[in-house]
Structures are given as C-alpha cells and as structure tokens.
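As structure tokens, the structure follows; a few thoughts come after it.
The values are calculated or read from the model by the stated rules, or taken from the named source; none is laboratory data. Computed from a prediction, not measured in an experiment: that's the story for all the values here. All Cβ positions, glycine included, derive from the backbone under ideal geometry; neighbour counts span all protein chains shown.
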Amino acid sequence: MREPGGRLLFLGAVALGAALISGTGAGAESVVTVASKDGTPISVECIGSGPTLLLVHGGTGDRTRWTPLFPLFAPSVTACAMDRRGHGTSGDGREYSLQKEAEDVAAVVESRPGKVFVLGHSFGGVASLEAAFLTDKIAKLILYEPPVRNPGNAAILDRMEKLIAAGDREAALVAFFGEIVMISPSEIALMKTRPSWPGLLASVESSIRQDRALSAYRFDAARMRTLQTPVLLLMGGNTASPQLKLAVDSLKQSLPHAELTVFPHQEHNAMDSIPREFADKVLQFIVGG
C-alpha cells in the first residue's frame, strides 16, 4: 500500500491541517485536527508529555474508548487518541477504503514530533499496520487482535443492515460482536454496562463498510517480512475467533521483529477489564525496550 514517495505525500497536508483547538501547557488535554491525504479532517486528543503514543480505536466507537487509560499512559508518554474517519468528531470522505484508513493514521503520525509509537485495536490495528508501510516515523507498533485474515461475512452484514433499517441497532451490534468478532455473551453483557456502549451503538453502521473492506484485504506474508518495525502482538487468552487466532499467528510467523503477549482469561477488550495490566505491558514494550 506504499505509493512512490508515499511518506512525503502526507507532509503538505499535515502541515496545513494540524490546528490546535483547545488545551495549553505540557500535560494538558488538547484536541488537534489533522488533514489526511485526501483532506479529511481527523480529530486527535492528546494528554501527557514525552514521546507520542497514538491510540487507534477499533471498528466501532471513537477516541473516547481510550479515555480511561489516559491517566495510566500520561505520566510516561504523550497519549494521543484519534477518531478514525466517520467516527467521533472526525470527518468522512465520499469514498471509503482501507487505504484511506491507513493514510489517516500515517497523517497523524507525520503530524507529531519525533518518532511515534502506535497502538491499534482490532480494525484499528489493521489500519495501523498498513500505515507502517506509508511512513518511517513509527518507532514501534502494538497490535491487539488485528483481523488481517478475514474470510468475509456477507450474510451477517446483510442481516445487520436490515436490523439497523428496522431500528434495532443493538441487535445489529450484538450480531457483529457475537457472530463476527465472536465475543462471548458474558463479555458482551459487560460491554453494555460500560460508558463506551452508546458510542458503539452510534457507529454500528461503520462496522459494515469496514468489514466489507477487510473482505477484500489479502494478507501477504512475504510483504510482512519486509517490515522492520518492532511489533508487539496482543491477544486475549479466551479469544474464541479462529480468524483472529489465525491473524495473530500469521503476523507472529511473518513479521521479522514481532513478539506476542497473551492476556490470560481475557477476550477482545482487555484494556477495559484489566486496564492497568494492559497499560503496563504497552509501556514496558515502548519505553522499557
């Protein structure tokens, strides 16, 4: 997904598009807007000081899913959480593709000073991985169960569209998490109790276009072997999805500088259920290694 001179294509847009909206002083919360390659405005919220850790959320929700982790990251790094296109306060383009998602991540990385650490969850992990082929500013990658081996889920996605049209957004979201991501009913019940659930419901349509984009993605082990960026792969010990297990294993076998951490008794959302352990593992990799 690298275009000739791809990294340089971002610089002009980033230089013109990064604008401070709120927040002053080291360690204070601030929100910036970065223009992606196609001009789409991407919102990024930052807090802390030191090197940047960019946080890229998964298929649904927005940057606020990382807010509870800010106090754990901010003493060590500048934690920056972005709204992916079509989510939160970010804009959206007329055309959609995984390439554009990767360009968004790369644009935010290019807008930050120095080298940048990137943590991508689920679909955000795929966008983050592909961004590493577009910019050389990513010092290390942390990928939590990125679905790079997606078989396609056309029938489920069609049913989700019908449920949304009928006004049953929650049933559509439960179908996505339960049948595609294969999160257990007990974990979905916990997700419904968290503050992030309304945001997930609000963005359920995005999971449909994203999953369709993933169905066209072709994992290339030979290409992955060319990526020299150190990568930490994260996985839940209780993750049930064969596709996610295959994805993580494929990356572990093909990325030349990859290591794997499995969180015992966790599924797809360890940052919510064991936030301190999750943050400690991330910081140990990016700061201590």
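Does region 22-29 contain any residue that is assigned to a loop (DSSP other than H, G, I, E, B), hydrophobic (A, V, I, L, M, F, W, C) and modelled with pLDDT under 95? If you could, list the steps in order and put the result at the bottom.
Pass one, region 22-29, residues assigned to a loop (DSSP other than H, G, I, E, B): 23-29.
Now narrow it down to the ones that are hydrophobic (A, V, I, L, M, F, W, C): 26, 28.
Going one step further and asking which of them are modelled with pLDDT under 95, we end up with 26, 28.
Looking for residues that are assigned to a loop (DSSP other than H, G, I, E, B), hydrophobic (A, V, I, L, M, F, W, C) and modelled with pLDDT under 95, one finds at least one in region 22-29, hence yes.
Do any residues in region 118-144 that are farther than 17 Å from PRO275 by Cα have Cβ atoms under 7 Å from those of residues that are part of a strand (DSSP E or B) and of a type in the set (Phe, Trp, Tyr), where the two are at least six apart or on different chains, and which pairs are they?
Close Cβ pairs satisfying both conditions: GLY125/TYR144; ALA139/PHE117; LYS140/PHE117.
Could you list all residues from region 82-100 that are over 22 Å from LEU69 (Cα atoms) and free of Cβ contacts under 8 Å to residues at least 60 places away in the same chain?
We begin by selecting, within region 82-100, every residue over 22 Å from LEU69 (Cα atoms); these are 86, 91-100.
Once the filter is applied, which keeps residues that are over 22 Å from LEU69 (Cα atoms) and free of Cβ contacts under 8 Å to residues at least 60 places away in the same chain, region 82-100 yields GLY91, ASP92, GLY93, ARG94, GLU95.
For region 49-140, give me every one of the helices (runs of 4 or more DSSP H) that falls completely inside it and has 3 or more residues that are more than 11 Å from the chain's Cα centre (by Cα). I'd like the intermediate steps shown before the answer.
Working: elements: 70-73, 98-111, 123-131.
Qualifying helices (runs of 4 or more DSSP H): 70-73, 98-111.
Does region 35-64 hold any residues that are closer than 16 Å to SER196 by Cβ, buried (at least 21 other Cβ atoms within 10 Å of the Cβ) and in contact with a strand residue (DSSP E or B) (Cβ under 8 Å, 6 or more places away or on another chain), and which are they? Before you say what the answer is, go through the steps one by one.
Initial filter on region 35-64 (closer than 16 Å to SER196 by Cβ): 45, 55-64.
Imposing the further condition that a residue be buried (at least 21 other Cβ atoms within 10 Å of the Cβ) reduces the set to 45, 55-63.
Once the filter is applied, which keeps residues that are closer than 16 Å to SER196 by Cβ, buried (at least 21 other Cβ atoms within 10 Å of the Cβ) and in contact with a strand residue (DSSP E or B) (Cβ under 8 Å, 6 or more places away or on another chain), region 35-64 yields GLU45, LEU55, VAL56, HIS57, GLY58, ARG63.
Would you mention how many residues in region 180-235 are touching a helix residue (DSSP H, G or I) at 6+ places or on another chain (Cβ under 6 Å), over 17 Å from ARG159 (Cβ atoms) and among the small types (Gly, Ala, Ser)?
Number satisfying all stated conditions: 3.
Results for (1) surrounded by fewer than 24 Cβ atoms within 10 Å (Cβ to Cβ); (2) within 23 Å of SER250 (Cα to Cα); (3) at pLDDT below 95; (4) among the aliphatic types (A, V, I, L, M), shown as yes or no for each residue.
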position: GLY93; (1), (2), (3), (4): yes, no, yes, no
position: LYS100; (1), (2), (3), (4): yes, no, no, no
position: ARG112; (1), (2), (3), (4): yes, no, no, no
position: ALA127; (1), (2), (3), (4): no, yes, no, yes
position: LYS137; (1), (2), (3), (4): yes, no, no, no
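Among what's in region 246-276 and is surrounded by 16 or more Cβ atoms within 10 Å (Cβ to Cβ) and among the charged types (D, E, K, R), pick the residue that is nearest to LEU72 (Cα to Cα).
ASP272
Let me spell it out: the conditions are (1) modelled with pLDDT under 95; (2) out of contact with any helix residue (DSSP H, G or I) (no Cβ under 8 Å at 6 or more places or on another chain), and ASN153 meets all of them except one. Which number is the exception?
So ASN153 meets the others, but not (2).
Taking region 245-257 as the region of interest, how many residues are touching a residue at least 24 places away in the same chain (Cβ under 8 Å) and within 17 Å of SER122 (Cα to Cα)? Reasoning before the result, please.
From region 245-257, those touching a residue at least 24 places away in the same chain (Cβ under 8 Å) are 246-248, 250-251, 253-257; that's our starting set.
So of that shortlist, the ones also within 17 Å of SER122 (Cα to Cα) come out as 246-248, 250-251.
Residues meeting the conditions: 5.
Give, as residue ranges, the helices (runs of 4 or more DSSP H) completely inside region 220-289 that count at least 1 residues that are within 19 Å of the chain's Cα centre (by Cα) and among the β-branched types (Val, Ile, Thr). Reasoning before the result, please.
Values: elements: 221-224, 242-254, 270-273, 275-286.
Helices (runs of 4 or more DSSP H) meeting the threshold: 242-254, 275-286.
Filter region 147-193 for residues that are within 19 Å of the chain's Cα centre (by Cα) and closer than 24 Å to GLY88 by Cα and give the result.
PRO147, LEU173, PHE176, PHE177, ILE180, VAL181, ILE183, MET191
Considering only residues that are β-branched (Val, Ile, Thr) and either closer than 14 Å to ASN269 by Cβ or surrounded by 19 or more Cβ atoms within 10 Å (Cβ to Cβ) (or both), which ones fall in region 143-194? Working first, answer last.
As a first pass, look at region 143-194 and keep what is β-branched (Val, Ile, Thr): 148, 156, 164, 174, 180-181, 183, 188, 193.
Those that are β-branched (Val, Ile, Thr) and either closer than 14 Å to ASN269 by Cβ or surrounded by 19 or more Cβ atoms within 10 Å (Cβ to Cβ) (or both): VAL148, VAL174, ILE180, VAL181, ILE183, ILE188, THR193.
Given the condition under 28 Å from GLU277 (Cα atoms) and free of Cβ contacts under 8 Å to residues at least 24 places away in the same chain, answer yes or no: does some residue in region 201-210 qualify?
Scanning region 201-210, I find no residue that is under 28 Å from GLU277 (Cα atoms) and free of Cβ contacts under 8 Å to residues at least 24 places away in the same chain, so the answer is no.
Pick from region 277-288 the residues that are out of contact with any strand residue (DSSP E or B) (no Cβ under 6 Å at 6 or more places or on another chain) and at pLDDT 95 or above: which of them is surrounded by the most Cβ atoms within 10 Å (Cβ to Cβ)?
We begin by selecting, within region 277-288, every residue out of contact with any strand residue (DSSP E or B) (no Cβ under 6 Å at 6 or more places or on another chain); these are 277-280, 283-284, 287-288.
In the following step, the residues that additionally are at pLDDT 95 or above were identified as 277-280, 283-284.
Details: GLU277: 15, PHE278: 22, ALA279: 20, ASP280: 13, LEU283: 18, GLN284: 12.
Filtering region 277-288 for residues that are out of contact with any strand residue (DSSP E or B) (no Cβ under 6 Å at 6 or more places or on another chain) and at pLDDT 95 or above, the one surrounded by the most Cβ atoms within 10 Å (Cβ to Cβ) comes out as PHE278.
Select the helices (runs of 4 or more DSSP H) contained entirely in region 160-209, then report the ones holding at least 3 residues which are at pLDDT below 95. Even if it seems obvious, please write down each step before you answer.
Working: elements: 169-175, 185-193, 197-202.
Passing ranges, in order: 185-193, 197-202.
Of the residues ALA172, ALA221, ALA155, only one is over 25 Å from PHE278 (Cα atoms) and free of Cβ contacts under 8 Å to residues at least 12 places away in the same chain; which? So that I can check it myself, show each step before the final result.
Numbers: ALA172 fails: free of Cβ contacts under 8 Å to residues at least 12 places away in the same chain; ALA221 fails: free of Cβ contacts under 8 Å to residues at least 12 places away in the same chain.
Only one candidate passes the filter, namely ALA155.
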